[in-house]
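Right, one structure below, let's go through it.
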Amino acid sequence: MTKQKSPDKNLQNVAKDLDADPVGAHNAQQIQQKVNDHRHQDALNHEGTNS
């Protein structure tokens with residue numbers, strides 16, 4: 001097994017997201033929409049690469 005030189009970036013992002021406390025329903029919806037937008041953009045960026 002290889003030894004990592006720096007912390008795992010994915011785990012850092014998950015921990016940062018878990019620390020974010022939405023203030024109300026509107027703020028929670030904005031946070032979720034940002035996540036959805038990132039997933040959609042990621043899907044568009046990888047579209048057609050399965051050839």
Quick check on my filter: what residues within region 14-51 are surrounded by fewer than 10 Cβ atoms within 10 Å (Cβ to Cβ) and among the small types (G, A, S)? A20, G24, A25, A43, G48, S51
Failed item, numbered, when K16 is tested on (1) of a type outside the set (A, V, I, L, M, F, W, C); (2) assigned to a helix (DSSP H, G or I); (3) modelled with pLDDT under 80: (3)
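The values are calculated or read from the model by the stated rules, or taken from the named source; none is laboratory data. Quick caveat, the model's predicted, so the values are computed rather than measured. So basically every Cβ, Gly included, is an ideal-geometry build from the backbone, and we count neighbours across all protein chains shown.
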